[in-house]
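The structure that follows is given in the form of structure tokens.
Rule-based calculations on the coordinates, nothing more; no lab input. Worth saying up front: this structure is predicted, and the values here are computed from it rather than measured. For neighbour counting, all protein chains shown are included, and Cβ atoms are generated from backbone atoms with ideal geometry for every residue, glycine included.
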Amino acid sequence: MAFTAFAAPSAYAQNWDRIENRFDRAENRLDRRENRFDRREDVRDVREDARDAQHQGGWRDQREDVFDAREDVRDAREDVRDRRENRWDRRENRWDRRH
């Protein structure tokens, strides 16, 4: 019985870690889905802006709107790049803390 008394706390801790990891993974999945949805929404908005620009009069206004839409796309890509870099930085920091 003494062996099981000592083994129980470590088994409990391992089980708790497993539960926490599963919860963290679920949270990360949810965040990724939300980010994906936001990016799709941004792309839809840019496409709508471009369509609106094409249907409006004045070719100068159109060109400016198209340039603005392209700039929005560039900004969205930069945001995605920044998110990826931040994710890698967080992973490196986590690895450094563990080792």
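Spin-label point model (7 Å from Cα, Cβ direction): what's the ARG44 to ARG18 distance in nm?
Each label point is offset 7 Å from its Cα along the Cβ direction, giving 4.1 nm.
Here's a follow-up. Quick check: net charge around GLU48, other residues with Cβ under 13 Å of its Cβ, Lys/Arg +1 and Asp/Glu -1?
With Lys, Arg at +1 and Asp, Glu at -1, the neighbours total -4.
Another question, if that's okay. Modelled label-to-label distance, GLU64 and GLU85, 7 Å Cα→beta-carbon offset: nm?
3.2 nm
Which one, VAL80, VAL66, ALA53, projects farthest toward the positive side of the charge dipole computed for segment 32-99 from Cβ point charges (K/R +1, D/E -1)?
VAL80
Suppose every Lys and Arg Cβ carries +1 and every Asp and Glu Cβ carries -1, with no other charges. What dipole size does segment 32-99 come out with about its Cα centre, to the nearest 20 debye? Walk me through the numbers before you get to the answer.
Numbers: 22 positive and 22 negative charges, 167 e Å.
Here segment 32-99 has a charge dipole of around 800 debye.
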